[in-house]
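Okay, so here's the structure we're looking at.
The values are calculated or read from the model by the stated rules, or taken from the named source; none is laboratory data. Predicted model, so just to flag it, every value in this text is computed and none were measured. All Cβ positions, glycine included, derive from the backbone under ideal geometry; neighbour counts span all protein chains shown. Heavy atoms of the whole protein, side chains included, go into the accessibility calculation; ligands, DNA and RNA do not. Shrake-Rupley method; radii C 1.70, N 1.55, O 1.52, S 1.80 Å.
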Amino acid sequence: MNWWQKFKKNPLARLGVSILTVFYVLAIGAGFFAPYHPVNDVQKDGSLLPPTPIHWTNTSGEFVGPYVYPVRQGPTDLETGERELIVDRTQPSPIRLFVKGYEYRFLGILPADVHLFGTVGEGEINLLGTDEQGRDQFSRLLFGGQISLFIGLVGIAISFPIGLIVGGISGYFGGWVDTGIMRLVEVLMTIPGIYLLVALASVLPPGLSSAQRFLLIVTIISFIRWAGLARVIRGQVLSIKETEFVQAARAMGANPFYIIVRHVLPQTATYTIVAATLAIPGFIVAESVLSLIGLGIQQPDASWGNLLASATNASILVFQPWLVWPPALLVVLTVLSFNLIGDGLRDALDPRSLR
């Protein structure tokens, strides 16, 4: 039984892969799956609307297919502070598949205006309600996933190659090279990440968009997060460089850097793959925390982190929980799924379990 077959037989790992596959497909095709634009489509008198009820039968009880009614917020009751929902039952709006809406670029390349679902008429469908500005929360969640899900991939794409190369050089050459690099690594590991991010956020140019701003922060922090990986890789390389095939390559006069890249570092692939799957959730959580405290993606752009920022308002938690629970659940499921995949890979790639 090879490692892939063993990984596929792990039900928790398969569950993690399935959840992440759905999330990434929805994020990549957000323009197609989202019925409304996450920023520009603002519903008149539609702030803080609850999820739209979907009706299937008419007033006579006959099945007519899914439809919704136009809904808007009425004036605020000065005595109770509540706002009455005004439902216009004279204009039922059918829900249809593959309807035309705002224009977007499918996969970021092809211009398109067809969406998976939408309404025909005055009524609008808000599966998860609307936010304070009257924007569809479901659409903002899908587009927010483009930031929150891919930020981890950007982080490991920067930090892991650096950690692999630096750790490989340190372990292979040893001596003063190893000593100097390890002292640098130890200095980097003592830097508290959250304080560094706060300091970076305060000195970044004000003209940057929120996405550019946060990507710059992630890029900078990635140049620090490689330190822990470099220490582990260095320890593995110290033993790998003494193996017969590395000694043979050295005796044949191969370049040291060629030996490191071609023969030594591939032997650390087992640990690297597992470490990558476990490191991605760290970047996702970092994005959520930074956006929550106002240092990451800012309004009107959407990310799961700044969608969670509404949780700081006690009245939102009590009266509009649909604004808080969906992004919180998505972050939890994403982090859990990556951890399940990491555990599955660790079990499948364990050399003690391989024949």
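Below, the figures for the structure above:
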{"read-out": "Complete set of residues in segment 312-333 that are over 29 Å from Leu196 (Cβ atoms) and assigned to a helix (DSSP H, G or I)", "value": "Ala314, Ser315, Ile316, Leu317, Val318, Phe319, Pro321, Trp322, Leu323, Trp325, Pro326, Leu329"}
{"read-out": "From the options Gly152, Gly171, Gly167, Gly163, residue that is farther than 25 Å from Ala249 by Cβ and in contact (Cβ under 8 Å) with a residue 24 or more places away in the chain", "value": "Gly152"}
{"read-out": "Elements of type helices (runs of 4 or more DSSP H) in segment 254-311, at least 3 residues being touching a helix residue (DSSP H, G or I) at 6+ places or on another chain (Cβ under 9 Å) and open to solvent by less than 30 Å² (accessible area, probe 1.4 Å)", "value": "269-292, 304-308"}
{"read-out": "Pairs, first under 16 Å from Leu128 (Cβ atoms) in segment 287-316, second aromatic (Phe, Trp, Tyr) and not in a loop (DSSP other than H, G, I, E, B), C-beta under 7 Å, six or more apart", "value": "Ala302/Phe143"}
{"read-out": "Any helices (runs of 4 or more DSSP H) falling wholly within segment 141-247 and containing at least 3 residues that are open to solvent by less than 40 Å² (accessible area, probe 1.4 Å) and closer than 16 Å to Leu265 by Cα", "value": "150-173, 210-240"}
